[in-house]
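Everything below concerns the one structure shown next.
The values are calculated or read from the model by the stated rules, or taken from the named source; none is laboratory data. Nothing here was measured: the structure is a model prediction, and the numbers come from that model. Note that we place each Cβ from the backbone using ideal geometry, even for glycine, and neighbour counts take in every protein chain shown. When the accessible area is computed, the model is the full protein with side chains, heavy atoms only, and any ligands, DNA or RNA have been set aside. Shrake-Rupley method; radii C 1.70, N 1.55, O 1.52, S 1.80 Å.
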Amino acid sequence: MNVLAVLAHPRRSSLTGAVLDGFVAGLVEAGHQTEIADLYREGFDPALWPEDEPAWDCGSKRYSDVVLAEQARIERNDAIALVFPVWWWSMPAMLKGWIDRVWNNGWAYGDRNLKGKRGLALALAANDADSYAKRGYDRAMDTEIRVGIFDYCGIENAPLHMLYNSTTDRATGAALIGQSRQIGRDFR
């Protein structure tokens, strides 16, 4: 399987970047091919301008060349993995803007969708699982990402993996990298 791994962190040398590397290593060990989209390093503009605004009356709008290139990148892969830190109980604006601009009407939903693609999300959370469960942040994020993005666009059974305690210490960071590697090995 060819997997597009989308990284959304301003520093490639971050724990989020290391988790991406662990995940990719696991994918390779399982025999998958990977392509990395590092949104910050590539200079992706997450702002939604009129040329990429959804066309609600027409599913055949031609979007900008930047968006068409990103859509082609998704199309040449069988699966999409989103790797990001949790900021304000959601994904960074860079990743949300990539989805807003690229996963557009007539291509990711509407007349066409991404049915047949596989997906998953790896979200690095600073707090522990109990803190997220206490106020339902874990359920809210699962609904936003798994249901509101993946399912809505036809990608079924795309889990959200919350990697908790990401700012605790080096040992915890190493464990999260190992966990992401196993998720890569197990991805089908």
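Computed quantities for the displayed model
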{"item": "Qualifying aspartates and glutamates (Cα of each under 16 Å from Cα of residue 117; at least 8 residues distant if same chain)", "result": "35, 70, 75, 78, 151, 156"}
{"item": "Euclidean distance between Cα centres, the stretch 23-41 to the stretch 117-188, Å", "result": "17 Å"}
{"item": "Kirkwood estimate for the stretch 8-90, i.e. one over the average of 1/r between Cα atoms, Å", "result": "15.1 Å"}
{"item": "Residue 115 - accessible surface, heavy atoms, 1.4 Å probe, Å² rounded to 10", "result": "140 Å²"}
{"item": "For the stretch 106-188, accessible area per residue (1.4 Å probe, heavy atoms of protein chains only), Å²", "result": "53 Å²"}
{"item": "Given 12 as the ceiling on other Cβ atoms within 10 Å, longest exposed-site-free region of the chain for chymotrypsin sites (Phe, Trp or Tyr not before Pro) in DSSP loops", "result": "89-188"}
{"item": "Carbon/sulfur fraction of accessible area - the chain, other protein chains in place, 1.4 Å, %", "result": "51 percent"}
{"item": "Selection from 168, 131, 79, by position along the positive dipole direction of the chain (Cβ)", "result": "168"}
{"item": "Over the chain, equivalent-ellipsoid semi-axes from the Cα gyration tensor in Å", "result": "27, 18, 16"}
{"item": "Area accessible to solvent at residue 151, 1.4 Å probe radius, in Å²", "result": "60 Å²"}
